[in-house]
Amino acid sequence: MKKFVLLSCASIFLTLVSFAQDPILLNNNQSLVYFNPSFAGSNGGIRNQFSYRNQWPEYHTNYVTYVNSFDAYIRPIKAGLAFTYVNDNVWHGDLITSLYNLSYAQHLNFFNDKLKIIPSVQFSYGQKVLNMNSIHFGDMLDARTSQWWDTKEAIPSSTKSYFDMSTGLLVNFKSNWYLGACMFHINQPDVGLEGAHTLPARFLLHASYTWHFSEKSQLQFFYRYARQDNYGTNQLSLNMVTFKYLLVGVSYFDADALQINLGARTNNFSLQVGYDYTYSKLAGNTVGSWEVHGAYYLRNKENRKLLTNFETW
């Protein structure tokens, strides 16, 4: 393909398409099904979790992600079902990715419910939409040879649809220990707008332990490792519920960034705000990022009175 000149806007778009990475929410407790589809139905009732992330709002490209997830536990079949909608917006609507996920998690109980193993499968339909009006092409005449460039192969498509498949596994021991693993994009779908570009598989491994140190307070220790293509990240978090309703959390990411979360939860609602600050050499270019999470829960009266773990809230 001959050289083709686009303005910086289009260059960033094609880079995103070629080296596609999933949008990541840092507060995993407030986006459980998006984090691992095996959490579908984990609170034993009906749950709606919704999230908003504004990454680097002071940077002119602006990356905004919305996630809205509904899940429920179906008692007759001892399984969880979930539907998740994801909207990822780059450069104020110039490139929008919409994703519709349907998740099924089978809850298997052993040793009088002391051990739970929950495998899951997730089917997805995705669509990328590129605003062609925002792309400006350079001069079609090569100044060095006075020849017209052949640009037919370089002009990107305005839309791309694809199907995706993922799977997850969750192990819960004595209600306080959680171990999980996921493999997203098993089929590595073609998501390219300019030629064929596969979406790399993403591997996730996580673990958490919750310590109930009083009737109204608990502390969660959390670890996550994620890898997609050649990029791997580690996350360590401490999350606390105190006075039964107040939420506080802090997370550390690969000697690169810190996130602080503050919020509150009642018997049916929760609201949490997080801010992550980059302190590495990227700090001068990335600024900070905001996350806002909310949730609504329907559970039986007995469970509402209990100080529930983050994973089952």
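Here region 257-280 is the region considered, the condition is being buried (at least 18 other Cβ atoms within 10 Å of the Cβ) and among the hydroxyl-bearing types (Ser, Thr, Tyr), and the residue that is nearest to TRP56 (Cα to Cα) is THR278.
Looking only at region 272-291, decide whether some residue is at pLDDT below 90, of a type outside the set (A, V, I, L, M, F, W, C), touching a helix residue (DSSP H, G or I) at 6+ places or on another chain (Cβ under 6 Å) and not in a strand (DSSP E or B). Within region 272-291, not a single residue is at pLDDT below 90, of a type outside the set (A, V, I, L, M, F, W, C), touching a helix residue (DSSP H, G or I) at 6+ places or on another chain (Cβ under 6 Å) and not in a strand (DSSP E or B). The residues of region 224-249 that are of a type in the set (A, V, I, L, M), exposed (fewer than 15 other Cβ atoms within 10 Å of the Cβ) and either more than 18 Å from the chain's Cα centre (by Cα) or not in a strand (DSSP E or B) (or both), listed by number, are LEU238, LEU246.
Of the residues contained in region 215-227, none is found to be under 21 Å from PHE163 (Cα atoms), out of contact with any strand residue (DSSP E or B) (no Cβ under 9 Å at 6 or more places or on another chain) and of a type outside the set (A, V, I, L, M, F, W, C). Quick one: in region 200-216, which of the residues that are free of Cβ contacts under 8 Å to residues at least 40 places away in the same chain and part of a strand (DSSP E or B) is nearest to PHE173 (Cα to Cα)? This residue is TYR209.
Could you go through region 113-120 and let me know if any residue there is surrounded by fewer than 18 Cβ atoms within 10 Å (Cβ to Cβ), in a helix (DSSP H, G or I) and either modelled with pLDDT of 95 or more or not hydrophobic (A, V, I, L, M, F, W, C) (or both).
No, region 113-120 has no match at all.
Across region 185-208, the qualifying residues are those that are loosely packed, with under 15 Cβ neighbours inside 10 Å and over 20 Å from the mean Cα position of the chain (by Cα), and the one among them that is farthest from PHE310 (Cα to Cα) is GLY195.
PHE221 falls short on exactly one of the conditions (1) under 20 Å from ASN68 (Cα atoms); (2) at pLDDT 95 or above; (3) exposed (fewer than 15 other Cβ atoms within 10 Å of the Cβ), and that condition is (1). Any residue in region 28-49 that is part of a loop (DSSP other than H, G, I, E, B), at pLDDT below 95 and farther than 18 Å from ALA295 by Cα? No, the conditions are met nowhere in region 28-49. Does THR242 meet the test of being under 22 Å from ALA40 (Cβ atoms), modelled with pLDDT of 90 or more and among the β-branched types (Val, Ile, Thr)? No, not satisfied. Scanning region 296-311 for residues that are more than 20 Å from the chain's Cα centre (by Cα), among the charged types (D, E, K, R) and assigned to a strand (DSSP E or B) turns up nothing.
Contact map, region 186-198: residues that are at pLDDT 85 or above paired with residues that are assigned to a loop (DSSP other than H, G, I, E, B) and among the aromatic types (Phe, Trp, Tyr), Cβ distance under 9 Å, separation 6+ or inter-chain. Pairs shown: HIS197/PHE19.
The values are calculated or read from the model by the stated rules, or taken from the named source; none is laboratory data. Bear in mind the structure is a predicted one, so any value in this text is a computation, not a measurement. Cβ atoms come from the backbone with ideal geometry, glycine included; neighbour counts cover every protein chain shown.
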